[in-house]
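First comes the structure, then the notes that go with it.
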C-alpha cells in the first residue's frame, strides 16, 4: 500500500465519521479526504510531480496534517519542519532539501518573511488561513476538484524527507518510501490490537511534524478519530483523554514523567486508555513502574529511528509483566522483540560479524522498513546501509528470549581509564532518585582518565538534592569507574522537537575549550 492508501482505507470504512478534531473544529473523513484531493490537484496544477519536496510549517492543527495527506496524494514528498526551530536553521533546511512549496500556519508569517527574503524566488508559499500576504489555502484550492488524481504510487518512491534530530551532528535528510512507511504502519497495527468493532481514538499531543503525526496513521487506517491538541502538556493531555475517551497516544518519556507528577495530586479518569506508547528516548525503569501502578497495563514501548521509522521492536503491555507481576528491571529496560517484517542482528562494530546472545555490539536492521537513503548524501548512505543492513549507531544486545536491549548510542559511549561506560546505565540510576526529573550523562575531557563521566541533572519543580548524594547513589550501585566524577545541575536540558535530549549540545559545554573533537 502507498502511504495515502491508509487514509483512504479509513475513509472508505467511516466516510461520515470524525477523522480529526480539536476543541473547536471537526473534520469528517469525507471533508478531510476531499480537501486532501483539492490540495493534491492544486499541487499537480502548480507543477509539483513525483518526489518533489513540499514542506508544512505549522503547530499541531488538523488542516496542517491534511496538507500532508494532500502532498502524499499528489505523489510528492513531505518534508517535516519544526516551527520552534530558529529561522536560520529552518532556512537552511528549506534550501538544503530543495523545497518547492511551503504550506504554513498564519501565526508563523513572521518567519515566512525571513524565508522569502532569501528563498522566495524559488518557492511557492501557501497560508493555511487569512491575514497574510500569500494566498490562503481555501482560495488556492477553490478551483480544484475534490476527486482523487489519477496517478500511480510506486512503492519505492520517496514520500518523506525527514531531517534527523541532530543529536550527534548536522541533520541529514532521511528518505522514506511508500514501502518503508507501509511496513511501519502494518507493524503499528499488529502491535496495537483492538477487537473488531472497537472505537479507536488517537491523541496527537506531541508534534505532528514528527512522531505524533506518523503514529496517527494506524488509527486513521481503521476509521478512528485523531484528537489534536496544541501542546504535549498535562493540562492539554488529561482533559482530552477524559473528554474524548482517548484509547491511544504517543508521548516521549519526559512528558510521561510530568503527567505522572500531576496525576499523583490530581487524579483524572484515564480508564479509556488502552495504549500509551513511549519512544524517542530511554525511559526510567522506576518511573515506568510508577506509571503502570497509576495507569494500569497500557504501556507499550516502540524502538525505531527515522532510518527505520518507529517500528523495529515493541515491548507490548503484557510483556511488561511476568506471571501476573510487574516484570523485573532487566525486562522493563528492554525495548521488546523485533516485529515480523524486519530482521535484527547484533554485529561487532569493528569486524561486522554477528555476535552471540548477551554480547554487546551495534544493533543492525534489515527489511522493508529501511529508508531509501540520505538525501543527496550517497557516501553517508553507503556508510549506514552495508550489504542490506542498516547500522543504527545504537549499541545493544539480544537475550535468549529475543528481547532487544539498547545500551546506548555508539557515539555516546564513554571510554574512561580504558573502560567502556554506557551512559544509559548511569542515567537509570539517577532517574531512580525522587528529585531527578531527567538527566544526561556524557564524557568530558580529562588528562588522567581520557574522559571522565559527568552527569547533567534537571530536578523536578520544587525539588533539590545534594549532587554528592547523587554521586554516592551511583557509586553504591555501579562502582567508582561508572559513577559520575561531577554532577552539574541545570534548569532545563536541551531537547529536540520529539523530546530527545540533545547530548551533543550537553557535551559541547565540556569540550568546547578542550581543543579536542567530540
Some residue of region 163-174 being in a strand (DSSP E or B), within 24 Å of residue 91 (Cβ to Cβ) and modelled with pLDDT of 95 or more
yes
Run residue 232 past the list (1) closer than 19 Å to residue 316 by Cβ; (2) assigned to a loop (DSSP other than H, G, I, E, B) and report the number of the one that doesn't hold.
(1)
Failed item, numbered, when residue 147 is tested on (1) within 28 Å of residue 496 (Cβ to Cβ); (2) exposed (fewer than 14 other Cβ atoms within 10 Å of the Cβ); (3) in contact (Cβ under 8 Å) with a residue 12 or more places away in the chain
(1)
Taking the options 327, 382, name whichever one is surrounded by fewer than 19 Cβ atoms within 10 Å (Cβ to Cβ) and free of Cβ contacts under 8 Å to residues at least 40 places away in the same chain.
382
Taking only region 236-252 into account, find how many residues are assigned to a helix (DSSP H, G or I) and touching a helix residue (DSSP H, G or I) at 6+ places or on another chain (Cβ under 8 Å).
2
Can you find a residue in region 253-275 that is touching a helix residue (DSSP H, G or I) at 6+ places or on another chain (Cβ under 6 Å) and closer than 23 Å to residue 180 by Cα?
no
Among the listed residues 491, 447, which satisfies the condition of being farther than 30 Å from residue 250 by Cα and outside the structural domain of residue 162 (by TED's automatic domain parsing)?
447
In the list 58, 36, which residue meets the criterion of being in contact with a helix residue (DSSP H, G or I) (Cβ under 6 Å, 6 or more places away or on another chain) and closer than 22 Å to residue 6 by Cα?
36
Residues 304, 336, 373: which one is within 21 Å of residue 273 (Cβ to Cβ) and touching a strand residue (DSSP E or B) at 6+ places or on another chain (Cβ under 6 Å)?
336
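With the structure loaded, tell me whether residue 507 is touching a strand residue (DSSP E or B) at 6+ places or on another chain (Cβ under 9 Å), surrounded by 16 or more Cβ atoms within 10 Å (Cβ to Cβ) and farther than 14 Å from residue 439 by Cα or whether it fails that test. Let's see the steps before the verdict.
Details: touching a strand residue (DSSP E or B) at 6+ places or on another chain (Cβ under 9 Å): yes; surrounded by 16 or more Cβ atoms within 10 Å (Cβ to Cβ): yes; farther than 14 Å from residue 439 by Cα: no.
Judged against the criteria, residue 507 is not a match.
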Return only the number of the condition from (1) surrounded by fewer than 19 Cβ atoms within 10 Å (Cβ to Cβ); (2) not in a helix (DSSP H, G or I) that residue 442 does not satisfy.
(1)
So which of 281, 345 ends up being under 27 Å from residue 202 (Cβ atoms) and either in contact with a strand residue (DSSP E or B) (Cβ under 9 Å, 6 or more places away or on another chain) or free of Cβ contacts under 8 Å to residues at least 40 places away in the same chain (or both)?
281
Some residue of region 309-322 being surrounded by fewer than 23 Cβ atoms within 10 Å (Cβ to Cβ), modelled with pLDDT of 95 or more and in the same structural domain as residue 192 (by TED's automatic domain parsing):
no
Do any strands (runs of 3 or more DSSP E) entirely within region 1-100 hold 2 or more residues that are crowded, with 20+ Cβ neighbours inside 10 Å and over 19 Å from the mean Cα position of the chain (by Cα), and if so, which?
18-21, 53-57
Only listed residue being surrounded by 23 or more Cβ atoms within 10 Å (Cβ to Cβ), assigned by TED's automatic domain parsing to the domain that holds residue 34 and free of Cβ contacts under 8 Å to residues at least 40 places away in the same chain, chosen from 162, 138, 204, 127
127
Conditions (1) modelled with pLDDT under 95; (2) buried (at least 18 other Cβ atoms within 10 Å of the Cβ); (3) touching a helix residue (DSSP H, G or I) at 6+ places or on another chain (Cβ under 8 Å); (4) under 21 Å from residue 420 (Cβ atoms) -> residue 396 fails only (3)
If you go through region 443-450 one residue at a time, do you hit one that is modelled with pLDDT under 90 and closer than 30 Å to residue 209 by Cα?
no
The correct count of residues that are in contact (Cβ under 8 Å) with a residue 40 or more places away in the chain and in contact with a strand residue (DSSP E or B) (Cβ under 7 Å, 6 or more places away or on another chain) in region 428-457 is 13
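The values are calculated or read from the model by the stated rules, or taken from the named source; none is laboratory data. Because the structure is a prediction, the values reported are computed rather than measured. No Cβ is skipped: glycine too gets one built from the backbone with ideal geometry, and neighbour counts run over all protein chains shown.
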